[in-house]
Every structure is written in structure tokens, then in C-alpha cells.
1. Tell me, A:Val71, B:Val98, A:Val60 in order of fewest to most beta-carbon neighbours within 10 Å?
2. Rounded to the nearest 0.05, what FRET efficiency do A:Thr164 and A:Gln133 have when you use their Cβ-Cβ distance and R0 = 35 Å?
3. Kindly state, to the nearest 0.05, the FRET efficiency for A:Asp33 paired with A:Lys7, given R0 = 30 Å and r defined as their beta-carbon distance.
4. Run the numbers for B:Ser103 and B:Glu129: contour at 0.36 nm per residue of separation, minus the present Cα-Cα distance, in nm.
5. So if each residue of separation counts as 0.36 nm, and I subtract the Cα-Cα distance between A:Asp102 and A:Asn65, what length gain in nm does that give?
6. Using the structure shown, select from A:Lys7/A:Lys64; A:Lys117/B:Lys13; A:Lys14/A:Lys70; A:Lys14/A:Lys147; A:Lys44/A:Lys147 the pairs with a Cα to Cα distance greater than 23 angstrom.
7. List residues of the range A:118-145, by number, whose backbone nitrogen lies under 11 Å from a label position 7 Å along Cα→C-beta of A:Phe151.
8. Over what distance in Å are the Cα centres of the range B:51-72 and the range B:6-24 separated?
Amino acid sequence: MSPESFKHQIMPLKDRMYRLALRITGNPAEAEDALQEVWIKLWKQGDHLLQIQNLEAWCVRVTKNHCIDKVRNKKPEVREWTEAVETVSWDQNPERKAEQQDTLRLIRDAIGRLPEKLQLVMHLRDIEGLTYQEIEEALEMPMSQVKVNLFRARQQVRAQLLNTGLQ
Amino acid sequence: MNNNAAIRELLDKYFEGDTSLEEENSLREFFSGDIADPALKPYKALFSFFQNEQRLQPSERLEEQFFEQLFQEDASEPKQREALLRPLRPWLMRAAMVAFLLSGCWWIYTRYQPPAPTETAAIDWSKYEPETPEEAFRITREALGKASRHLNEGTSKAIEEMALLGEMGKVLH
């Protein structure tokens, strides 16, 4: 695979791969490191990469596996999203802005507390907008399991949303 | 009001995990605007969070850095190999010379080796066997005579040397 074809086939997926890496690592710098490592892994696959039918699902799968390994090999520590993650509030009023950023952080934490599988399914569906079939391929999970995990994830997040009494 | 009822219904469907991607997009679109209904407000936060997450991107330099690193690695690979081989070069040359000489010697050895000795014919000892007792006696007598002559020679030499030793002993005393 030439650098040009790598650029054309893999690089359009970089944002999606980065967001998944960020979801798993919880840290922008670590997510970027992981992404570079994933690109190197993919580059080393050379022409085999061109024979893969669903390249997008493959890239998501490689990213997920790499980041999970990276996180598991790290010393156990409380994983918190760093403040470096940009938050965009939907209100221009400065008084409300801080409050809304807190709300976003609450939701991020609520999703972050979900079991890993539920988090990943919810991320790929609600943030990346993947179909059930694409999620099935990317996570190597039967479709019925994808649906069950998505249902559970949304239910748990809803319960936490209502418990926090967000306005 | 009707619209809100439809949205609530769609939300329930969403939380049951039964919505299609199109329905989820219409929820996102609805919650990107102002929400007056207090019952729907918490969900605005959720869909805003999704929108916020969709905007996250790696730093602009990341892709550039990756390709720079890739080209540097490609360019430095032959140099690294050369640097590794440089101290080994004199030894590799010597090993090559030894291998060349050994293979030359082997070639010469295999080319100029004398032909393998042909198989010798078996000796027919029956031809040399005495046919009569007189002949056997004569042969035995000749062989014993030859052995006796050699024994006598040895004895006389031993007597001479003993005599010499005796004389030497006298001189020393």
C-alpha cells in the first residue's frame, strides 16, 4: 500500500478512530498516541489492507482492540476525562455556559460509568451513527447482543439523567 | 404540542432501542433547537452531548507527524542496517576467504584423489599346502632352523653386552 492510498483510504476515518480512542482512553494525548500506533499497525499490514471488505469496520476494530489493550496494560487508576476535552455549550449566555458544561460533564461521566461493551455500542451508534451491522462487524458482537447492549446503555443513561434532575 | 407528543413517543422508542438512524437524526435535529417543554429539557443535554462529541478531532499536526515519521523510518532503515554491518565487515571478509579456500581444497581433493584400489583376488592357499608328510617335515625344519639362528644371534649379543658391563663395573670399582 502506497502512502497516497493510505492517505485516501484510512485518513478519512481518522476523526472516528480518534473519538473511539478517546472514549476508551479518556485522555486526548493518550488517544492521539494510540491513534498513531494504530496507523503504524495498519500501515504494516500493507496490501492485505486492500483486500479487507469493510475497511471502516476493520479500522474501528483495530482501534478498539489496541486502545483496550493499552488501557488494560496501564497501572490501575481512576479514569477521568481530562479537562483538555473541548466542550461546546449550546447557550451563549456566560452564566448558563458554565452550567451547561457541567451538564455535559455529568453526561460524559454517566456514559463513562457504563460497562465497556455498553459504552462502545452507544458510542458507535449515537455518536458515530453506525448501523447495527457495522457495529456488529466492528465489535465482533452478534447483532442481537448489539441491540441488547444499546437498549441497556440508553436505559441506564436515561435513569441517571432523570436522577440528576437536569433542567 | 402535537410535535412534542410525537417527540416523546420517538424518545420512548429511542430508549427502547427501536429507532432507525433517520429517526435518531430527527431527534438530534429537534433537540438542537430551543426546548420549551421542561419534560424534554434533560434530553436536550444528552443530544447536545452527542453533537459535542461528534465535533472532537485529533490535532491537525497528527497526520502530518505520522507521515513524516513513516518516511524517516523508510529512509533510515538501510542506513541502520549498514551501521550494524560495518564492524562485522572484516570478519565477514575473512570468513568468506576461508570458505573460498576450503571449497577450493575440497574441489582439488575430490578431483585428484587416486583411484580406489580394485579388489584383490583371493589367495588360493591350497596351492602352498604340503602334499606329503616329508615335505611338511622339511618345511617345519627349515622354519625352526631360521628361528634358532635368530635366537642364537640374540644370545651371543647379550653375552657380549654382559661382558662389556662387567668390564665397566670393574673400572668403576
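Every number in this text was worked out from the coordinates using simple rules, so none of it is lab data. Just so it is clear, the structure is predicted and the values come from calculations on it, not from any experiment. Please note: Cβ atoms are built from the backbone with ideal geometry, for glycine as well, and neighbour counts cover all protein chains shown.
1. Working: A:Val71 18, B:Val98 10, A:Val60 24.
Ranking A:Val71, B:Val98, A:Val60 by Cβ neighbours within 10 Å, fewest first, gives B:Val98, A:Val71, A:Val60.
2. Efficiency for this residue pair is about 0.55.
3. Working: r = 20 Å, r/R0 = 0.68.
Computed FRET efficiency for A:Asp33 and A:Lys7: 0.90.
4. Values: separation 26, 0.36 × 26 = 9.36 nm, distance 5.34 nm.
So the extension gain works out to 4.0 nm.
5. Numbers: separation 37, 0.36 × 37 = 13.32 nm, distance 3.07 nm.
Between A:Asp102 and A:Asn65, full extension yields 10.3 nm more.
6. Details: A:Lys7/A:Lys64 20 Å; A:Lys117/B:Lys13 21 Å; A:Lys14/A:Lys70 18 Å; A:Lys14/A:Lys147 26 Å; A:Lys44/A:Lys147 34 Å.
Beyond 23 Å: A:Lys14/A:Lys147; A:Lys44/A:Lys147.
7. Inside the label zone: A:144-145.
8. The range B:51-72 and the range B:6-24 have Cα centres spaced 34 Å from each other.
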